[in-house]
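The structure appears below as structure tokens.
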Amino acid sequence: AQSVTQLGSHVSVSEGALVLLRCNYSSSVPPYLFWYVQYPNQGLQLLLKYTSAATLVKGINGFEAEFKKSETSFHLTKPSAHMSDAAEYFCAVSGGGATNKLIFGTGTLLAVQP
Amino acid sequence: DTGVSQDPRHKITKRGQNVTFRCDPISEHNRLYWYRQTLGQGPEFLTYFQNEAQLEKSRLLSDRFSAERPKGSFSTLEIQRTEQGDSAMYLCASSPDRDTGELFFGEGSRLTVL
């Protein structure tokens, strides 16, 4: 069965600092991996996805993630945090099979300090 | 592309009452998913439709919950005899019928059971 683990439920960075949000996955098949962002009282918006092409994936708003099979990781990074990046971030893996449902981690709340 | 829309956005009800949520997916998307999200948690899968057929239900979907997707268009999620533990954000997502795994989410319907 597929699953993801997000390390750190809360991360705080200063504006302009590096953002690093950690995600490790478990999958019995080559995974599709996703990062979604959720702003307060809103739905989830796709940041980026890995679907077995390039291992370094670039997404919206300057975010990127690197798929590392040897480490079963898919960490999300951004070189320079902006105040508008404050939100909750979810890593997800595709469950595969007929439903293709996504299985989400518990999320990381990113705070950006001025 | 008008996106996934959900109605109502907020619902406050008394314990024991029935509530119904509606989801209108992106028009060309055949796949439709319902998720539940509680405070501090990632979205949890509830059920999946391929067109009008409900193909998977999570064990989280108790007998008090029922979902339909008549004619393969909009979907409804009904909760009967609501309990305080049903308080959550109910998210709907849709996906085209190809194997990308990406889900497009609505803004959710927040339920508060008093």
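Read the figures in this text as sums done on the coordinates, not as results from a lab. Bear in mind the structure is a predicted one, so any value in this text is a computation, not a measurement. A quick note on method: Cβ atoms are made from the backbone with ideal geometry, for glycine too, and the neighbour counts reach across all protein chains shown.
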Share of Cα-Cα pairs in the protein assembly as shown beyond 28 Å, whole percent, is 31
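Just round it to a whole percent: the fraction of Cα-Cα distances in chain B exceeding 16 Å. If you can, show how the numbers build up before the last one.
Numbers: 3603 of 6441 pairs.
For chain B, the share of Cα pairs beyond 16 Å comes to 56 percent.
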Hey, fewest Cβ within 10 Å first, where do B:Lys57, A:Lys58 land in order? A:Lys58, B:Lys57
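Would you mind getting me the FRET efficiency between A:Ser80 and B:Gln80? Use the beta-carbon distance for r and R0 = 45 Å, nearest 0.05. Could you put the intermediate results ahead of the total?
Numbers: r = 50 Å, r/R0 = 1.11.
Using R0 = 45 Å, I get an efficiency of 0.35.
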Inter-probe distance in nm under a simple model that places probes 7 Å from Cα toward Cβ, at B:Arg59 and A:Ala54: 4.2
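Per-residue Cβ counts within 10 Å, from other chains only, averaged over A:32-42: what number is that? Don't skip to the answer; put the middle values down first.
Numbers: counts 4, 1, 3, 0, 5, 0, 7, 1, 0, 6, 5.
Counting other chains' Cβ atoms within 10 Å and averaging over A:32-42 gives 3.
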Name the most mobile residue of B:Arg81, B:Arg69, B:Arg22, meaning the one with the largest mean-square fluctuation, in a Gaussian network model of chain B with Cα contacts below 10 Å. B:Arg81
Take every Cα pair under 8 Å in chain B that's 6+ residues apart, average their separations, divide by the length, and report that relative contact order as a whole percent. 37
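Determine, for A:Val29, A:Val57, the number of other Cβ atoms within 10 Å of each Cβ, and report the residues in order from fewest to most.
Numbers: A:Val29 10, A:Val57 21.
Least crowded to most crowded, the residues run A:Val29, A:Val57.
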Pseudo-spin-label distance A:Ser9 to B:Ser27, built 7 Å along Cα→Cβ, given in nm, is 4.3
Treating only the Cβ atoms of Lys and Arg (+1) and Asp and Glu (-1) as charged, compute the dipole magnitude of chain B about its Cα centre; round to the nearest 20 debye. 540
Shielding by partners - mean other protein chain Cβ count within 10 Å, residues of B:75-83: 0
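What's the whole-number percent of alpha carbon pairs in the range A:14-114 lying beyond 20 angstrom?
Values: 1774 of 5050 pairs.
Every Cα pair in the range A:14-114 considered, those over 20 Å come to 35 percent.
Taking beta carbons within 10 Å but only from partner chains, what does the mean come to for residues B:17-30?
On the way: counts 0, 0, 0, 0, 0, 0, 0, 0, 0, 0, 0, 0, 0, 0.
What the average comes to for B:17-30 is 0.
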Within the range A:9-24: backbone nitrogen closer than 15 Å to the A:Ala111 label point (7 Å, Cα to C-beta): A:9-15
So how far, in whole Å, is the C-alpha centre of the range A:72-114 from the one of the range B:18-55? 20
Unit charges on C-beta of K, R, D, E only; dipole of the range A:19-114, Debye: 180
Output row, site A:Ala1, 7 Å Cα→C-beta label point, backbone N cut-off 19 Å, window the range B:59-74, residues B:59-63
Exposure proxy ranking, count of Cβ atoms within 10 Å, fewest first, for B:Glu83, A:Glu66: B:Glu83, A:Glu66
Chain A - percent relative contact order, Cα under 8 Å, separation 6 or more: 37
If the elastic network links every pair of Cα atoms under 10 Å, which of A:Ala98, A:Ala87, A:Ala53 fluctuates the most in the Gaussian network model of chain A? A:Ala98
Viscosity 0.890 mPa s, temperature 25 °C: Stokes-Einstein D of the range A:47-91 from its Kirkwood Cα radius, in µm² per second? 216
